[in-house]
Ligand SMILES: [Zn+2]
């Protein structure tokens with residue numbers, strides 16, 4: 001998701017949660033435009049199709065805000081909500097681990113869609129003279145649109161409750177299982193269930209020649225496997241501190257060092273990432289590409305501190321290693337500096353963390 005956040009535009013903010021539109025979402029809009037125009041529809045009909053797409057994605061956004069606002073009730077903040085062609089993703093700052101929290105946060109999204117479907121039904125009752133089912137069956141006026149919104153929300157409700165990761169139903173299943181067993185085992189069972197569903201989707205997609213269903217199958221399979229890997233990796237960090245997992249040998253330069261010094265450092269075998277330190281300012285993480293770009297611009301005397309980089313929230317050595325893992329997973333930065341008494345004493349980065357986890361699972365005393 002880190003990459004998704006970078007290639008997306010913030011549309012609005014509500015309760016401090018940014019709503020982002022991923023670039024690939026515009027492909028979907030473009031595809032709808034292209035296919036409707038190719039079918040020879042009139043401008044009004046094309047607009048109508050777009051209205052349908054916008055309506056469904058409004059419902060998806062409300063669904064994601066359902067998760068986010070429920071998470072807020074448990075004191076978990078949401079970094080942002082990203083809209084993708086396959087749906088929405090709410091990035092929570094912390095993964096809810098208590099089964100109860102996870103259950104309610106996972107259920108909140110689909111419940112929003114159920115409520116919308118219920119409201120649509122109620123509106124047709126209040127506004128229409130006929131029974132709601134008649135209005136929904138109308139093929140004139142707003143009939144088809146109202147019917148679409150109703151059915152789409154029912155479908156969103158049911159689809160998201162399929163007990164397979166990365167759908168909400170997978171989380172609901174895990175939360176229910178985790179009430180009775182440890183989390184890794186609960187995730188393993190939920191992950192296997194998810195993969196079974198994934199294979200069923202893919203096979204039906206192939207047999208019925210439904211490419212979208214086939215893609216969903218692949219997507220669910222990958223999601224189910226990733227969730228299990230993540231939970232296993234996270235549980236391998238139980239009891240470890242940032243001090244244990246951080247890398248103490250890293251490449252750093254002071255703010256005022258020049259781009260040329262950084263380039264020399266790169267050639268001398270520096271990391272692909274540079275930690276720029278500065279008294280009183282939070283350390284900056286500068287990628288190799290930024291150093292090379294600055295050299296190409298012909299400005300070798302520029303201070304490295306001025307280069308474009310990330311300033312992730314620093315960790316302290318005595319924090320739980322899991323919080324470092326969560327920050328790496330959810331944030332845009334791949335390296336996180338560790339500060340002690342205002343000095344950078346290490347960095348936490350994915351490769352090092354993975355090595356630690358591997359060594360740890362190799363046996364006690366290995367790491
Ligand atoms: Zn959801």
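The values are calculated or read from the model by the stated rules, or taken from the named source; none is laboratory data. Not measured: the values here are computed from a predicted model. Heads up, the Cβs are rebuilt from the backbone with ideal geometry, glycines too, and the neighbour counts pull from every protein chain shown.
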* Asked: Under 6 Å by Cβ, and 6 or more places apart or on different chains, what pairs join a residue from the range 260-274 that is without any contact (Cβ under 8 Å) to a residue 40 or more places away in the chain with one that is outside any helix (DSSP H, G or I)?
  -> 270/251; 271/251; 274/251; 274/286
* Failed item, numbered, when residue 176 is tested on (1) more than 20 Å from residue 229 (Cα to Cα); (2) modelled with pLDDT of 90 or more -> (1)
* Can you run down the residue pairs with Cβ atoms below 7 Å, 6 or more apart or on separate chains, where the first is in the range 354-365 and at pLDDT below 75 and the partner is surrounded by 10 or more Cβ atoms within 10 Å (Cβ to Cβ)? => 361/236
* Asked: Do the conditions hold for residue 68, that is, is it in contact with a strand residue (DSSP E or B) (Cβ under 8 Å, 6 or more places away or on another chain) and either within 16 Å of the ligand (Cβ to nearest atom) or part of a loop (DSSP other than H, G, I, E, B) (or both)?
  -> yes
* To do: Hey, can you tell me all the residues within the range 322-342 that are in contact (Cβ under 8 Å) with a residue 24 or more places away in the chain and out of contact with any strand residue (DSSP E or B) (no Cβ under 6 Å at 6 or more places or on another chain)?
  => 322, 323, 325, 326, 328, 329, 331, 332, 334, 339, 340, 342
* Structure fact -> Selection over the range 144-161 where residues are free of Cβ contacts under 8 Å to residues at least 40 places away in the same chain and buried (at least 19 other Cβ atoms within 10 Å of the Cβ) yields a count of 2
* To do: Examine the range 198-209 for a residue that is within 23 Å of the chain's Cα centre (by Cα) and surrounded by fewer than 19 Cβ atoms within 10 Å (Cβ to Cβ), and state whether such a residue exists.
  => no
* Structure fact -> Only one of (1) outside any helix (DSSP H, G or I); (2) modelled with pLDDT under 80; (3) away from the ligand (no atom under 15 Å from the Cβ) does not apply to residue 166, and that is (3)
* Structure fact -> Flagged in the range 73-115 as within 10 Å of the ligand (Cβ to nearest atom) and part of a loop (DSSP other than H, G, I, E, B), in numbering order, are none
* Structure fact -> Taking the range 15-36 and keeping residues touching a helix residue (DSSP H, G or I) at 6+ places or on another chain (Cβ under 8 Å) and free of Cβ contacts under 8 Å to residues at least 60 places away in the same chain leaves 15, 28, 29, 32, 33, 36
* Being away from the ligand (no atom under 15 Å from the Cβ) and either within 28 Å of residue 186 (Cα to Cα) or in contact with a helix residue (DSSP H, G or I) (Cβ under 6 Å, 6 or more places away or on another chain) (or both) narrows it down to one of 39, 49, 45, so name that one. => 49
